[in-house]
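Since the structure comes first, as structure tokens, the remarks are kept for the end.
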There are 2 protein chains.
Amino acid sequence: MGGDYAPEAAVKGAVMALDAIGSDSRIVLFGDEEKIKSVLASEGCPAERFGIVATTEVIEMGDHPAKAFQAKADSSITVGFGYLAKGAVDGFASAGSTGAMMVGSMYAVKPIEGVVRPTISSIVPTIAGRPALLLDVGLNVDCKPEVLAQYGLIGSIYAEAVLGIERPRVAVLNIGEEETKGNAQTKATYELLKAESRINFVGNVEGSYLFSGKVADVIVCDGFVGNTALKMAEGLYRINTALGCRNAFWDAMNYENVGGTPVLGVNAPVIIGHGCSSPQAIRSMILSTEQVIKADLTAKLQRAFQN
Amino acid sequence: MGGDYAPEAAVKGAVMALDAIGSDSRIVLFGDEEKIKSVLASEGCPAERFGIVATTEVIEMGDHPAKAFQAKADSSITVGFGYLAKGAVDGFASAGSTGAMMVGSMYAVKPIEGVVRPTISSIVPTIAGRPALLLDVGLNVDCKPEVLAQYGLIGSIYAEAVLGIERPRVAVLNIGEEETKGNAQTKATYELLKAESRINFVGNVEGSYLFSGKVADVIVCDGFVGNTALKMAEGLYRINTALGCRNAFWDAMNYENVGGTPVLGVNAPVIIGHGCSSPQAIRSMILSTEQVIKADLTAKLQRAFQN
């Protein structure tokens, strides 16, 4: 149970998710058992509807992620990753310390063999109605072209398996459409993706078409550019909301409806929620975790990188 | 007279600008004299109200900018830069070939001594009501920290002289507020700007606060990131307009009201207009050129880099 409003928001969100998940799915809660049961009671929800794993420690936002992950061995994140690594749960999501979630992803479940650098991605809405996937959105801020090219393949597999997009169009986020445009990094990435026969590479996409849905379903960029784009969109969402401009497109930009950030390229489904997650956001996060598990994404990624 | 709708849009925009410029300013039009006079006649505007310099060639969008700038010696851009370089006009603006405008800036009026790389910038609106300056927005896509640090000084001088902002707050566009956040480039830039005593450096600004006006008046980034941010904003402006979300904030995002992109760090005022400039956009471009001239920006920049 992590996040700024843990465990209340997390437990309430889990209760909200109960009616939406499949009958063959089970939500397991990691955290302070007493508090979890107390929130469940106040929600009028029988504790038996969940698996509960009692933990006693909390990795705080101020903690050093790697040190705390080890030192606080009975924190919900450390215990959760232990369950994930041994297959006792099929996926793990938390709105707790992002740093600790990354430590768990990299050292407990580990990168898929062949993946140079795992990545975090974000689903962005488009006015065409179907979602697009932007990656990386903040993990690797200095990316080699080889890493970005792998993101193209990872993103393509995710878009097909999880978002249900057939032959997803993969593009490089760039400052011009032409092959010769861009900085040294994007030009080299373009060449590598052009040679990648397993994806439907459509070339460059400019920032102006990021949310149009017209050019690409999977948009590849380094973590600096992706994080900036995402934060800019969040800022403009807040401005629009304050100015009374609301509609389905901008509502879809609201992180509460996005369901967290999948960590891609590691040996199990991991989803990182927004620190200030509301119950609604936790519900979305749980549902997207279930979706990634049921899409068998990890096995599909592992097979792709076997060669 | 350049731009997709030249010379009609350019001449009409110049006519619109007449009533807004100072009584001591004079607009000089470079282009096909006959066509210019014909549009002026159809607008009911006496040709005497303008200076007109007849040119016979046009640098097309498909032309190689550097080659065309030399080969088409009687194009409006080449002739205009000749006038600018010898001081026969005080500033030069065109919605014609961006590439040729840059060639003219770099080889006819030349970079200010001490400026490693001139830059192009964009004024962005904020919900606080006062504009901010983003630079670079597309010229230098692979920037050394030293170049970004100079942008901080150049932007600060522009914001003070042209936008009238006292002690403008200068920030690095980054993926976190803390000094230690970012990629190799932004971390090194942070250190250099912190040591620059002539500016009011306020640290990092995240993309979410780019349009808030809360953190910074001058936002420094490389041309890849800046161009992507600008194009993303343009795309979201179009989406908002299509969805019927209009208000003063988003209207200010409309390039027609922005008035073109100043080239900063060269020895004379140069403003590049949007290729598809409407008369309204041309009017804004002319007014912002007058503003840069009257602010004595070039001399202020030259003095700053003398040391």
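The values are calculated or read from the model by the stated rules, or taken from the named source; none is laboratory data. Predicted model, so just to flag it, every value in this text is computed and none were measured. Neighbour counts are summed over all protein chains in view; Cβ atoms, including those assigned to glycine, are modelled from backbone coordinates with ideal geometry.
A few notes on this one:
- Checked against (1) touching a Phe, Trp or Tyr at 6+ places or on another chain (Cβ under 7 Å); (2) on the phi > 0 side of the Ramachandran plot; (3) within 12 Å of another protein chain (Cβ to nearest Cβ), residue B:138 passes all but a single condition, namely (1).
- The listed residue being in contact (Cβ under 8 Å) with a residue 60 or more places away in the chain, hydroxyl-bearing (Ser, Thr, Tyr), part of a loop (DSSP other than H, G, I, E, B) and surrounded by 22 or more Cβ atoms within 10 Å (Cβ to Cβ), out of A:212, A:277: A:277
- Residue B:77 meets the conditions (1) in a helix (DSSP H, G or I); (2) among the aliphatic types (A, V, I, L, M); (3) surrounded by fewer than 17 Cβ atoms within 10 Å (Cβ to Cβ) in every case but one. The failed one is (3).
- Among the candidates A:275, A:259, residue that is at pLDDT below 95 and at positive phi: A:259
- Taking the range B:235-268 as the range and being among the hydrophobic types (A, V, I, L, M, F, W, C) and not in a loop (DSSP other than H, G, I, E, B) as the test, the residues that pass are B:236, B:239, B:242, B:248, B:249, B:250, B:252, B:253, B:258, B:263, B:264, B:266.
- No other residue among B:106, B:101 is in contact (Cβ under 8 Å) with a residue 40 or more places away in the chain, surrounded by fewer than 22 Cβ atoms within 10 Å (Cβ to Cβ), hydrophobic (A, V, I, L, M, F, W, C) and outside the structural domain of residue B:215 (by TED's automatic domain parsing) apart from B:106.
- Residues satisfying the stated conditions in the range B:244-260, i.e. over 24 Å from residue B:292 (Cβ atoms) and touching a helix residue (DSSP H, G or I) at 6+ places or on another chain (Cβ under 6 Å): B:250
- Among the residues of the range A:51-94, those that are charged (D, E, K, R) and more than 19 Å from residue A:285 (Cβ to Cβ) comprise A:57, A:60, A:63, A:67, A:72, A:74, A:86.
- Set side by side, the residues B:71, B:100, B:159 differ, and just one is out of contact with any Gly (no Cβ under 8 Å at 6 or more places or on another chain), at pLDDT 95 or above and within 22 Å of residue A:183 (Cα to Cα), which is B:100.
- Hits in the range B:280-307 - residues which are of a type in the set (Gly, Ala, Ser) and not in a helix (DSSP H, G or I): B:295
- For residue A:118, the requirement of being surrounded by 15 or more Cβ atoms within 10 Å (Cβ to Cβ) and closer than 25 Å to residue B:176 by Cα is met.
- Of the residues making up the range A:236-262, just one is surrounded by 24 or more Cβ atoms within 10 Å (Cβ to Cβ) and in contact with a Pro (Cβ under 8 Å, 6 or more places away or on another chain), namely A:262.
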